[in-house]
Amino acid sequence: ETGVTQTPRHLVMGMTNKKSLKCEQHLGHNAMYWYKQSAKKPLELMFVYSLEERVENNSVPSRFSPECPNSSHLFLHLHTLQPEDSALYLCASSQDWSSYEQYFGPGTRLTVT
Amino acid sequence: EDQVTQSPEALRLQEGESSSLNCSYTVSGLRGLFWYRQDPGKGPEFLFTLYSAGEEKEKERLKATLTKKESFLHITAPKPEDSATYLCAVHRTADSWGKLQFGAGTQVVVTP
């Protein structure tokens, strides 16, 4: 595997379900990010981790819970989501938290029913 | 309030028909401006970084330029494989780390 990978690629869940999104980077980077991309709207930064420590929580509802067990893996745990949370969730990584060149994964298309 | 605005929202071009995309920004201080390309079903792919007014970067048929208020992405003699959504993002001097503020993108379709 190369670059940034995300699983699953597609996810349909009910509002009472609990699920997790997984991201793995194979670039040796030290910073990882979660973004939300909704149709016709700019990418919204959700969380930033640098060396496994959370640097930023961009006013994200508590129904989204990130986890970064090491510098190569990032998870987004989901519970009691709302239909408006349906979107493409993108993971990205960069060399470190001051590096502006971010490399993105293919995203997970989430649908909340 | 800091804003990043891209225009047009969508652009349809004939193969070989050159055009430009615009990214205007109003931020208190610009540390850098970035262009990304996003294909359907994929994450954004990094294209260019511009740091100061007057700077230009080129890659194949793409050329990015920067002024104090906006950036342009010129597509010269586009081919169908240039069809994608092009995103711009800014990094503000107020942010000490790699926090990017994105525009909504311009969707480009190039027809043969």
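No value in this document is a laboratory result; all are computed from the given coordinates. Keep in mind that what you see is a predicted model, and the values were worked out from it rather than measured.
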Mind pulling the per residue volume of the convex hull built on the Cα atoms of the protein assembly as shown? Å³ is fine.
123 Å³
Above-threshold pairs, the threshold being 27 Å between Cα atoms, out of A:22/B:63; A:18/B:99; A:41/B:69; A:40/B:69; A:40/B:79; A:41/B:42:
A:22/B:63; A:18/B:99
Taking the Cα centroid of segment B:3-45 and of segment B:63-82, what is the distance between the two, rounded to the nearest whole Å?
8 Å
Using bins 5 angstrom wide from zero, how does P(r) for chain A break down, in % of all Cα pairs?
2, 13, 24, 26, 19, 10, 4, 1
Estimated Rh, chain B: Kirkwood, alpha-carbon pairs, angstrom:
14.1 Å
